[in-house]
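Heads up: the structure comes next, in structure tokens.
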Amino acid sequence: MVNPQMVMYEEEFNQIQNVVDRLVKDANAKVVFIVDKNGQLIAASGDVDNLDTTSLASLTAGNIAATGGMAKLLKENEFATQFHEGEKANIHIQLVGNRVILVVIFDSKSSLGLVRLRVRRASEELNNIFEALLKKVADPGADSPFAEITDEDIDNLFND
Amino acid sequence: MSFINYMAREINCKIVYYGPGLCGKTTNLQYIYERTNPDAKGKMISLATETDRTLFFDFLPLALGEIRGFKTRFHLYTVPGQVFYDASRKLILKGVDGVVFVADSQIDRMEANEESVENLKTNLEEQGYKLEKIPYVIQYNKRDLPEVATVEELREKLNPMNVPDFEGVARTGVGVFDTLKAVAKLVLTELRKGGP
């Protein structure tokens, strides 16, 4: 298989969700979410009900990819942090461990300084969690739930 | 790179529509978007120029249903087809699980098709993939136009590996879902083969 799969287990998911939940409070943020570099949403917290997180995740990953492309042209490794300031909402994007993207959306109830401070701590914690997760996934004992699927299972998906 | 989430019991896969400029990649996604049940799709995002040419990518999230208790979600992306957007095309191929090559059947676009397949191979190799190894299908689009090459000719030039191929008229939807189903099946079959 060309691609190593990204896998999320309950234990790590709960740890990640804790970090994200706490960051919403600590940074006075509206929404915090984590996306992998391919645009898959991993976790989200805060006022997410009125937000299209799937689209935001894909655009964030596109944004990080484009910025990474620019960095490469300038012989930089990465531009790890981005900040976009709007009239009401601001968005802070942080690459964590060159692996996942931590996004914080906040308004005038918070400030860039506070967000940066809290993001720094959360990034370290997330980095440790994802490192442990990657080790777990690399363990050959971890098996895919899809090893057992049959042609029939796949065909059934497409029965209109 | 597929993403298996045991917590949400979800599997996410990324499919990229590739091909020369104006071959109908965005039109494929638009048709899928229009014909999919609202519960099964998210918003379609198009990062396009003012003249509706794809600038960065189109994105359409689709939910196909469940396999063994896992929801299957497919993220469909298109690349910008125009030659000078090559840097963006490379980025979109990152983490791809399956590729659809949309060929323009018109005779005068044959060279553009061949160039685009070569470009696909090069860009995949830069990311460490081989076209022969990843789920890959071809759609010969615009079959309704007058000056088109025969399917045999297209096959000979564009499909030496004999991957699943389909005739299409993306504007009216001919072949669109057949193409999508074929690549989705290959992606899921690949998942079965490989553990993490």
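Annotation: A:Asn77 fulfils all but one of (1) in a loop (DSSP other than H, G, I, E, B); (2) touching a helix residue (DSSP H, G or I) at 6+ places or on another chain (Cβ under 8 Å); (3) within 14 Å of another protein chain (Cβ to nearest Cβ); (4) of a type outside the set (A, V, I, L, M, F, W, C); the unmet one is (3).
To keep it simple, each residue is scored yes or no on (1) closer than 20 Å to B:Met44 by Cα; (2) aromatic (Phe, Trp, Tyr); (3) out of contact with any Asp or Glu (no Cβ under 7 Å at 6 or more places or on another chain); (4) buried (at least 19 other Cβ atoms within 10 Å of the Cβ).
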{"residue": "A:Asp26", "(1), (2), (3), (4)": "no, no, yes, no"}
{"residue": "A:Val31", "(1), (2), (3), (4)": "no, no, no, yes"}
{"residue": "A:Ile64", "(1), (2), (3), (4)": "yes, no, yes, yes"}
{"residue": "A:Lys72", "(1), (2), (3), (4)": "no, no, yes, no"}
{"residue": "A:Ala80", "(1), (2), (3), (4)": "no, no, yes, no"}
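At least 3 residues being closer than 20 Å to A:Ala89 by Cβ and within 14 Å of the chain's Cα centre (by Cα) is the threshold, and among the strands (runs of 3 or more DSSP E) wholly inside segment A:1-46 those reaching it are A:31-36, A:41-46. Looking across segment B:122-164, the residues that are within 14 Å of another protein chain (Cβ to nearest Cβ) and in a helix (DSSP H, G or I) come down to B:Asn123, B:Leu124, B:Glu125, B:Glu126, B:Leu131, B:Glu132, B:Lys133. Please pick out the residue among B:Asn159, B:Asn123 that is within 16 Å of the chain's Cα centre (by Cα) and over 25 Å from B:Leu60 (Cα atoms). Residue meeting the stated conditions: B:Asn159. Within segment A:142-159, residues that are facing chain B (nearest Cβ under 7 Å) and in a helix (DSSP H, G or I) sit with their Cβ atoms under 8 Å from residues that are exposed (fewer than 15 other Cβ atoms within 10 Å of the Cβ) and at pLDDT 75 or above, at 6+ positions apart or across chains, in these pairs: A:Asp153/B:Arg68; A:Ile154/B:Thr189; A:Leu157/B:Gly65.
Regarding segment B:2-11, can at least one residue be identified that is assigned to a loop (DSSP other than H, G, I, E, B), closer than 30 Å to B:Phe84 by Cα and among the hydrophobic types (A, V, I, L, M, F, W, C)? No, segment B:2-11 contains no residue that is assigned to a loop (DSSP other than H, G, I, E, B), closer than 30 Å to B:Phe84 by Cα and among the hydrophobic types (A, V, I, L, M, F, W, C). Close contacts from segment B:169-195, counting a first residue that is in contact (Cβ under 8 Å) with a residue 60 or more places away in the chain and a second that is among the polar types (S, T, N, Q), with Cβ to Cβ under 7 Å and a gap of 6+ residues or different chains, come to B:Ala170/B:Thr27; B:Ala170/B:Asn28; B:Ala170/B:Asn141; B:Arg171/B:Thr27; B:Val176/B:Asn28; B:Thr179/B:Gln139; B:Leu191/A:Ser144; B:Leu191/B:Ser2.
Only one of the numbered conditions (1) more than 9 Å from every other protein chain (Cβ to nearest Cβ); (2) surrounded by 16 or more Cβ atoms within 10 Å (Cβ to Cβ) is not met by B:Phe57, and that is (1). Residue-level analysis places A:Gly68 among those that are without any contact (Cβ under 8 Å) to a residue 40 or more places away in the chain, closer than 24 Å to B:Ile15 by Cα and either within 14 Å of another protein chain (Cβ to nearest Cβ) or surrounded by fewer than 19 Cβ atoms within 10 Å (Cβ to Cβ) (or both). For A:Leu133, the criteria (1) more than 14 Å from every other protein chain (Cβ to nearest Cβ); (2) surrounded by 13 or more Cβ atoms within 10 Å (Cβ to Cβ); (3) over 19 Å from A:Asp47 (Cβ atoms) hold in every case but one, which is (1). Can you find, within segment B:44-68, the residue that is modelled with the highest pLDDT among those that are outside any strand (DSSP E or B) and touching a Pro at 6+ places or on another chain (Cβ under 8 Å)? For segment B:44-68, the residue satisfying everything is B:Arg53. So which of B:Lys121, B:Lys142, B:Lys90 is within 22 Å of B:Asn28 (Cα to Cα) and surrounded by 20 or more Cβ atoms within 10 Å (Cβ to Cβ)? The conditions single out B:Lys142. Can you tell me which residue among B:Arg89, B:Arg73, B:Arg109 is away from chain A (no Cβ under 14 Å), of a type in the set (Lys, Arg) and within 24 Å of B:Ser46 (Cβ to Cβ)? Only one candidate qualifies: B:Arg109.
When the residues of segment B:92-106 are filtered to those that are β-branched (Val, Ile, Thr) and away from every other protein chain (no Cβ under 14 Å), the one that is farthest from the chain's Cα centre (by Cα) is B:Val102. Among the residues of this structure, A:Val100 counts as one that is within 14 Å of another protein chain (Cβ to nearest Cβ), touching a residue at least 60 places away in the same chain (Cβ under 8 Å), buried (at least 20 other Cβ atoms within 10 Å of the Cβ) and under 29 Å from A:Ala27 (Cβ atoms).
The values are calculated or read from the model by the stated rules, or taken from the named source; none is laboratory data. Note that the coordinates shown come from a computational prediction; the quantities given were computed from them, not determined experimentally. Here the Cβ is made from the backbone with ideal geometry for all residues, glycine too, and neighbour counts use every protein chain on show.
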